[in-house]
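Contents: one structure, followed by commentary.
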Amino acid sequence: MKLKKQLALLLTSILLVGILAACGTSEKEDKNTADNEDKKVLVMGTSADYPPFEFVETSKSDEIQGFDIDIAKAIGKKLGYEVEVKDIDFNSLVPALENKSVDFVISGMTPTEKREQSVDFSDIYYTAKNMIITTKDSKIKTVEDLKGKTVGVQLASIQETLANDLNKSQDIGMKVEKRNRIPEVVQEMSTGRFDAVIMEDTVAKGYLKDNKELVGHLIESGEQDAGSAIAFQKGSKLTEEFNAELKKMMENGEMEKLILKWFGGSETE
């Protein structure tokens, strides 16, 4: 009789342990499932050759950083998204949105009529001017001085459009050469293959600081100022969501802090 009671107690203990273990596993699985459901990821496309907007400081790490990256991650966090960054050649960014391989693009991109046929844009979050970059010994200082010269621009950039427009509207007659990456364009000029480069002034400042053999001249025309916006797939709900957060950042001073961090001055400077 005593042995039967001991066996019964043993079986009861084993059964309880099994039930508790099952409950623990179930709770753990439920928690993991909930975590996966709560974790929302957005894939962001950028061309990481455009400091201080997006670039890699290879001497320190292979992480993409910059003004645009900070904006994207700040908005992503506010909306409850994790942002995954993909480095893509600039001329392939709009196609990446069209084939849905990225959810949005932030890469110092200016809305143009042609681009707006393929993607939607946020409100403008930063405005900069364009600049002619030459070597110190060059006599080029103005748009008129580019007549008959070979000028480098980034492929599919607003500066390519600007150069082509200048050729048409002012009959400059310059030869426009395109490259995928900004460093390639600058290198071609440094070796004498290009007479000048047209790029955004904010980006140009970094090259002028690092290379004392280069000089820059602003293109004085308000019509040619380049405004940056975030691009989305056509009809994406993200456009409205990001616009709402951009507006808040403009109003609460958060955007100004990022401008000071990356450009060392205000947007209007």
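Values quoted throughout were computed directly from the atomic coordinates according to the rules given, and no laboratory measurement underlies them. None of the values given here were measured: they were computed from a predicted structure. No Cβ is skipped: glycine too gets one built from the backbone with ideal geometry, and neighbour counts run over all protein chains shown.
General remarks:
- Kirkwood-based Rg to Rh ratio, segment 91-228, C-alpha trace: 0.97
- In terms of distances greater than 29 angstrom between alpha carbons, the cross-link table entries 129/247; 178/205; 77/257; 212/247; 129/248; 147/205 yield 212/247.
- Mean-position separation - Cα centroids, segment 38-82 and segment 125-142, in angstrom: 27
- Mean Cβ count within 10 Å, highest first, over the residues of peptides 75-84, 118-127: 118-127, 75-84
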